[in-house]
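The values are calculated or read from the model by the stated rules, or taken from the named source; none is laboratory data. None of these values were measured; they are calculated from a predicted model. No Cβ is skipped: glycine too gets one built from the backbone with ideal geometry, and neighbour counts run over all protein chains shown. For accessibility, only protein heavy atoms count, side chains too; no ligands or nucleic acids. Shrake-Rupley method; radii C 1.70, N 1.55, O 1.52, S 1.80 Å.
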Amino acid sequence: MSKLNLNDVQKQAVEAVDKPILIFAGAGTGKTRVLTQKIAYLITEKGYNPDEILAVTFTNKAAEEMRTRVQSLLGKKSMSLNIGTFHSICARLLRYEIAPLGFTPDFAIYDTADQDQLIKTLMLNLKLTTNGISPAAYRSRMSFIKSSMEDPSQLMKNGVSPFDKSVAELYPVYKEALKKNNAVDFGDLLLYPLEIFKKHPKVLKKYQEKFKYVLVDEYQDTNRPQFLFVKSLSDTHNKISVVGDDDQSIYGWRGADISNILEFEKAFPDCEVFKLEQNYRSTANILSVAGAVVKNNEYRAKKELWTDQGEGEKIGIMETYDEMEETDGVLELIQKEIQQNKRTFQDFAILYRTNVQSRALEDGLRRKGIAYNIVGGVKFYERKEVKDLLAYLRILVNPVDSVSLKRIINFPPRGIGAKTVEKCETLAAKKGIPLLDVLETPDAMNLKGKQAAGLVEFYQLVQKYRELKDKLDASELASVLVDELGLVNYYKEQGTDDATERLQNIQELLNSIHQFCKRDKNASIREFLEEVSLLTNIDTWNDSTNHITLMTLHSAKGLEFPVVFITGLEDGLFPIFRALEDPRELEEERRLFYVGLTRAMEKAYLHYAPNRRRSSGAVGLGMASRFLQEIPEEYLDRINFHSALTRRLVKDKSSNKYKLKHVRTITSFNEFERGDKVKHSIFGKGMILAVDGAGDNQKITVVFQGNIQKKLIGKYANLKLLA
């Protein structure tokens, strides 16, 4: 086995095959290598046929990577291996076995769009449309019920909200409608095999005999149905190996059950446990900080990562005034890393707890002309709810904008369907007038009742705010409009995480307009819309592959970057507010911090801003995250940083006129060290001999060419650091 390039514990885990095996694989410890080498070992050394082995994981990407690695080890021998996601494996099984449940083998698998369309129809039939809750909210709730194997009928008895009771009413109707359509959803793919196994033991026995060895990747992410599926298949022979890391279990909100990995020994009493603790990704300091935080969780398996990669740099920690200054701090550190360490944009990842945080970061990156890419999310100004509100604002500025009008004419819902809009377009074309103008006279289109009332209501709303747009500043106008549209209640009543995030994005857009007005008190909605349009146009990038990565901490799992920034480390944001009073949720937040930090290979920076604008729009006096208090000071490098908003006269090349430009400038940043090479606009190139003090009082002694020595005040010196 030496040719397999495994360390001692990895080798032992690969060769243990005669009993249930639990492999705790910490971040960066080579779990995929162990899993694929174990498959190869079973075939080449233990005599298993490839088609007798079942290997399941969570994403198609992970399954494909596993298949590719095994093929590189075994060649054509591996062609008949059963490797796939839980959903794909179960779908394949159901194609052969689903008939007893009343479906035919050619059943359809509904994706989320199909589900939402079906749910929308059922909501109309059940008259569940008046509460303003979207089909997606019902889908999300019913999906959680399936993944946790709850009894939906209990919601009717115990439901604490009208929404719970509506879900209980809709669930059986939805289930029956799927069956009538000979269709299943993603939750059904996991539940129906269990139902078949229970009702038809011969079918279960067939698959127990077929799959003589079962392997599971990312076992910490399994939910109740997935656990029961692999448990059922391995019950007779007990030949099962699972690989995972409880410290990376971060999907409890979508049904993942961490007890599956922590209580594996209860489900499989004669199991053998291995711990992979040698990390091949990160420096010792990064691992020490991640470990110092996650060890505060009570519900975890004891383990401690180590590495021979070297101690590495300390973890940078920066407090800034607000989210705007936080962005400035991140950008300055990126510039410093590029200058000093020859890094490129693709070396950096900026992580945050919620998607709403990306707005300030995106704005800052665009203004600096830095290419970026958002992974696992939509760019802020491209999110539906943001585009909806921007469409309202565009109509107020440009009433002939029919694209924006059609986007929002029935948002929030006011009973105006596609056929009604079509009639309006026909009349507008016939009369040669803007679409907005025909909405005032629904009688001309023979429209009555709800449709007619909705058109007039929308028309009057637009006219009212068109008159107000020159009387209120942009921030006031947008805030009042959001209130009148009832968007806060519209999203709050849905009571889902998705709706909460949409509401936060609406508020973040209001924050953006407010900050725009602070920069220029005479700013108008038209100017704000113009800035947003220009900011979102990033077709100036020549090299689309070299960009900074932005993503939520959840999206970062499984990735790695030389330099990682974790932003928004304040109590109530990270950890998220709802976790502060729930010990289990707080532990999951701590695991999320561990996941984020262990994405870093060489350097990590932690950021917090006590005066961040909250989802309510108010500036909250926040406290530094409790996770920061759990880090020993010896591992931290506290970075002093301040920036300020300044105004400069800039010449516009197209018009040859001067205009005021708002620029954030650094007023304090411990950037320079003894020995650094620098450039001064007057004295030229030089080298720093000494640095005295920090922040505004920092004094720098530099020897320039010609042996000219100068003592400069760092704040005013405008020294440029040379690579």
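Quick check on Asp473: is it under 21 Å from Arg394 (Cβ atoms) and loosely packed, with under 13 Cβ neighbours inside 10 Å?
No.
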Exercise. For the stretch 39-92, what are the residues that are within 13 Å of Asp217 (Cα to Cα), open to solvent by less than 70 Å² (accessible area, probe 1.4 Å) and assigned to a helix (DSSP H, G or I)?
Worked result: Ile39, Ala62, Ala63, Met66, Arg67, Phe86
Exercise. With (1) over 25 Å from the mean Cα position of the chain (by Cα); (2) buried (at least 18 other Cβ atoms within 10 Å of the Cβ); (3) more than 16 Å from Leu636 (Cα to Cα); (4) not polar (S, T, N, Q) as the list, and Val294 as the residue in question, which single condition is left unmet?
Worked result: (1)
For this session: Find all pairs meeting these conditions: Cβ atoms under 8 angstrom apart; at least six residues apart or on different chains; first residue within the stretch 404-422 and polar (S, T, N, Q); second residue in a loop (DSSP other than H, G, I, E, B) and surrounded by fewer than 16 Cβ atoms within 10 Å (Cβ to Cβ).
Result: Ser404/Asn398; Asn410/Gly417
Seminar exercise, completed: When every residue in the stretch 26-38 that is in contact (Cβ under 8 Å) with a residue 40 or more places away in the chain, open to solvent by 20 Å² or more (accessible area, probe 1.4 Å) and assigned to a helix (DSSP H, G or I) is compared, the one farthest from Thr283 (Cα to Cα) is Thr32
Exercise. For the stretch 101-141, which residues satisfy the criterion of being under 21 Å from Thr500 (Cβ atoms), among the hydrophobic types (A, V, I, L, M, F, W, C) and not in a helix (DSSP H, G or I)?
Worked result: Leu128, Ile133
Exercise. Looking at the stretch 461-470, which of its residues are open to solvent by 40 Å² or more (accessible area, probe 1.4 Å) and in a helix (DSSP H, G or I)?
Worked result: Gln463, Lys464, Arg466, Glu467, Leu468
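Tally up the residues in the stretch 440-460 that are open to solvent by less than 20 Å² (accessible area, probe 1.4 Å), touching a residue at least 12 places away in the same chain (Cβ under 8 Å) and in a helix (DSSP H, G or I), please.
Within the stretch 440-460, the first condition is being open to solvent by less than 20 Å² (accessible area, probe 1.4 Å), and the residues that meet it are 442, 445, 447, 452, 454-455, 458.
Retained after the next criterion (residues that are touching a residue at least 12 places away in the same chain (Cβ under 8 Å)): 442, 445, 447, 454-455, 458.
From what is left, the residues that are in a helix (DSSP H, G or I) are 442, 445, 454-455, 458.
Residues meeting the conditions: 5.
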Exercise. Take the residues of the stretch 482-528 that are basic (Lys, Arg) and part of a helix (DSSP H, G or I): which is farthest from Ala579 (Cα to Cα)?
Worked result: Arg526
For this session: Tell me which of these Lys699 doesn't satisfy, since it passes every other one: (1) within 29 Å of Lys603 (Cα to Cα); (2) basic (Lys, Arg); (3) at pLDDT below 75.
Result: (3)
Exercise. Can you name the residue in the stretch 209-235 that is of a type in the set (Ser, Thr, Tyr) and either part of a helix (DSSP H, G or I) or more than 25 Å from the chain's Cα centre (by Cα) (or both) and, of all such residues, is surrounded by the fewest Cβ atoms within 10 Å (Cβ to Cβ)?
Worked result: Ser232
For this session: Restrict the check to the stretch 108-117 and report whether at least one residue is touching a residue at least 12 places away in the same chain (Cβ under 8 Å), open to solvent by 80 Å² or more (accessible area, probe 1.4 Å) and not aliphatic (A, V, I, L, M).
Result: yes
For this session: Please specify each residue of the stretch 300-351 satisfying the condition of being closer than 29 Å to Asn511 by Cβ and without any contact (Cβ under 8 Å) to a residue 12 or more places away in the chain.
Result: Gln335
Problem set entry | Count - residues of the stretch 242-290 that are among the aromatic types (Phe, Trp, Tyr) and part of a helix (DSSP H, G or I) | 2
For this session: Among residues belonging to the stretch 664-689 that are in a strand (DSSP E or B) and loosely packed, with under 13 Cβ neighbours inside 10 Å, point out the one that is modelled with the highest pLDDT.
Result: Gly684
Exercise. Quick one: Asp437 ticks every box in (1) more than 30 Å from Trp253 (Cα to Cα); (2) surrounded by fewer than 14 Cβ atoms within 10 Å (Cβ to Cβ) bar one, so which box is it?
Worked result: (2)
For this session: Look through Arg599, Arg612 and report the one residue that is under 21 Å from the mean Cα position of the chain (by Cα), among the basic types (Lys, Arg), open to solvent by less than 50 Å² (accessible area, probe 1.4 Å) and modelled with pLDDT of 95 or more.
Result: Arg599
Exercise. Name the pairs whose Cβ atoms lie under 6 Å apart, with the first residue in the stretch 626-642 and under 23 Å from Arg591 (Cβ atoms), the second open to solvent by less than 50 Å² (accessible area, probe 1.4 Å) and assigned to a strand (DSSP E or B), and 6 or more positions between them or separate chains?
Worked result: Tyr635/Ile315; Leu636/Ile315; Leu636/Ile317
Exercise. Across the stretch 146-162, which residue is modelled with the lowest pLDDT among those that are in contact with a helix residue (DSSP H, G or I) (Cβ under 7 Å, 6 or more places away or on another chain) and open to solvent by less than 50 Å² (accessible area, probe 1.4 Å)?
Worked result: Gly159
Problem set entry | Qualifying residue in the stretch 406-418 (condition: in a helix (DSSP H, G or I) and open to solvent by less than 10 Å² (accessible area, probe 1.4 Å)) | yes
Exercise. In this structure, is Phe144 in contact (Cβ under 8 Å) with a residue 24 or more places away in the chain and under 26 Å from Thr496 (Cβ atoms)?
Worked result: yes
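So which of Glu323, Glu332, Glu362 ends up being over 20 Å from Phe593 (Cα atoms), touching a Lys or Arg at 6+ places or on another chain (Cβ under 8 Å) and charged (D, E, K, R)?
One residue alone meets the criteria, Glu362.
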